[in-house]
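One structure is given here, and the rest of the page talks about it.
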2 protein chains.
Amino acid sequence: MTKIITIGREFGSGGRTIGKAVAEKLGIPCYDYELLLKIAEESGLSEQFIQERAENSSVSSVVARGLSGLGKHSYTSTEDYLWKIQKKVITDIAAKESCVIIGRCADWLLSDKADCLRVFIYADVKKRAERIVNVYGERKESPEKRIKDKDKHRSTFYYLHTDMEWGNVHNYHICLDSGELGIERCTDIIASLY
Amino acid sequence: MTKIITIGREFGSGGRTIGKAVAEKLGIPCYDYELLLKIAEESGLSEQFIQERAENSSVSSVVARGLSGLGKHSYTSTEDYLWKIQKKVITDIAAKESCVIIGRCADWLLSDKADCLRVFIYADVKKRAERIVNVYGERKESPEKRIKDKDKHRSTFYYLHTDMEWGNVHNYHICLDSGELGIERCTDIIASLY
């Protein structure tokens, strides 16, 4: 039976870095960008389109859905199609091999799977702002604005597809403040729970 | 310098048991009922009154506050008095000795203290319902109703005094699902972070 670790994370919290370090420590693969490639392959859609849509829902698409009167489980057809592919890719991977999966509602998609550790990584805005400037560089927008926008898109996407609140403790087995505990300690704790 | 661990916890999650086990493991005191005794001694109020009010705010008292037009930082005088005493007792203890403190908004009261690990323990309702029947026995009300009422009082009290959402990850350094991880593993993780 495969064992999976899913990592939900706030933008700039270092959740991806932690996920990769956990996978390396445990000698299992980590799916992040690799997931996107698999979704692209399976769907025929471009990587860029998926990067924009596979985890981020624009507020306008939510409003459009609301106005359409189609209800919460109806989407514009491309989003619906993409969600189905994403679901298939993630459940297929989880059935095939033990691994770490970053983001993309994997915690919710695999919530019925017994051997799945669901993790959420967060940190305060000040520490995340410092981190994204270090990791991704300066942009025209302030790091605080970039964080707010990215988190808003992630939480909207999560709510749209799962009806659950992104970052609510009850969706995860363990939630760690990477800003206070540090990347290394978070990695050690998660690996020790595997 | 003293080192403190605060444990916020959902009713029936075993947070108190975990806190006591952590304290025992680290050889430091755990303040739970002992805090109540200190508050009683300092305030002159009865233990029973404090037990009812020092962590639980009745919804009626919140409504009364709202109707009074006194705003969020004005309370009925006894509640205000009790809160001041609770604050003094907790900050005094934290300054004097390293320890574990259970509940009572200690995380928020000590949020400025550098050496304070803020923990939140939770679990799903089903597992908590089983636990409270095992630990506290059957009551006329269903365990689910008891959980709902107790958590509502704790979150109302927390919000009333801190303006923050009880159980929101950003108020804590680590949040653990005791139902999934188990009491022992939660204890080990917290003790390892001390």
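Quick notes on this one:
- Annotation for A:GLU52, label-to-label distances across the other copies: 6.1 nm (shortest first, one decimal, point 7 Å from Cα along Cα→Cβ).
- Counted over the protein assembly as shown, the DSSP beta bridges are approximately 10% antiparallel.
- Entry note, the protein assembly as shown: the mean residue ellipticity at 222 nm calculated from DSSP H runs of n ≥ 4, each adding -39500 (n - 2.57), is -17500 deg cm²/dmol after division by the residues and rounding to the nearest 500.
- Ascending list, in nanometres, of distances separating the A:LYS87 label from those of the other copies (7 Å, Cα toward Cβ): 5.0
- Lys/Arg +1, Asp/Glu -1 at C-beta; the protein assembly as shown dipole; positive extreme among B:PRO29, B:SER77, A:ALA23: B:SER77
- The amide H of B:VAL100, built 1.01 Å from its N in the peptide plane, has B:ILE5, B:CYS30, B:TYR31 as neighbours under 5 Å, considering only residues 5 or more places off or on other chains.
- Using C-alpha pairs under 8 Å with a sequence gap of at least 6, the mean separation divided by the residue count of chain B gives a relative contact order of 39 percent.
- Principal axes of region A:98-194: Cα extent on each, largest first, Å: 44, 32, 21
- For the rotational copy pair A/B, the chain A residue whose Cβ lies nearest the symmetry axis, together with its distance in Å, is A:CYS175, 2.
- For the segment B:171-183, counting C-beta atoms of other chains within 10 Å of every residue's C-beta and taking the mean gives 5.
- Summary for A:GLU24: label point 7 Å along Cα→Cβ; distances to the equivalent points in the other copies, ascending, 3.9 nm.
- All-pairs Cα distance distribution in chain A, expressed in whole percent, bin size 5 Å: 1, 8, 16, 19, 21, 17, 11, 5, 1, 0
- Cβ-isolated cysteines (cut-off 4.7 Å), chain B: B:CYS30, B:CYS99, B:CYS105, B:CYS116, B:CYS186
- Among A:PHE11, A:PHE157, A:PHE49, residue whose mean-square fluctuation peaks in a GNM of chain A (springs only between Cα atoms under 10 Å): A:PHE49
- In order along region B:185-194, the Karplus-derived 3J(HN,Hα) couplings, from 6.51 cos²θ - 1.76 cosθ + 1.60 at θ = phi - 60°, round to 5, 4, 4, 4, 4, 5, 4, 5, 8, 5 Hz, and Gly and Pro are given as x.
- Only protein heavy atoms count here; under a 1.4 Å probe, A:THR162 has an accessible surface of about 10 Å².
- D (Stokes-Einstein, µm²/s), Kirkwood Cα radius, the protein assembly as shown, 0.692 mPa s at 37 °C: 145 µm²/s
- Pairwise FRET efficiency - A:LYS127 versus B:ASN168, Cβ, R0 = 22 Å, nearest 0.05: 0.85
The values are calculated or read from the model by the stated rules, or taken from the named source; none is laboratory data. These figures come from a predicted structure and were not determined experimentally. All Cβ positions, glycine included, derive from the backbone under ideal geometry; neighbour counts span all protein chains shown. Note: accessible area is taken over every heavy atom of the protein model, side chains too, but ligands, DNA and RNA are not part of it. Shrake-Rupley method; radii C 1.70, N 1.55, O 1.52, S 1.80 Å.
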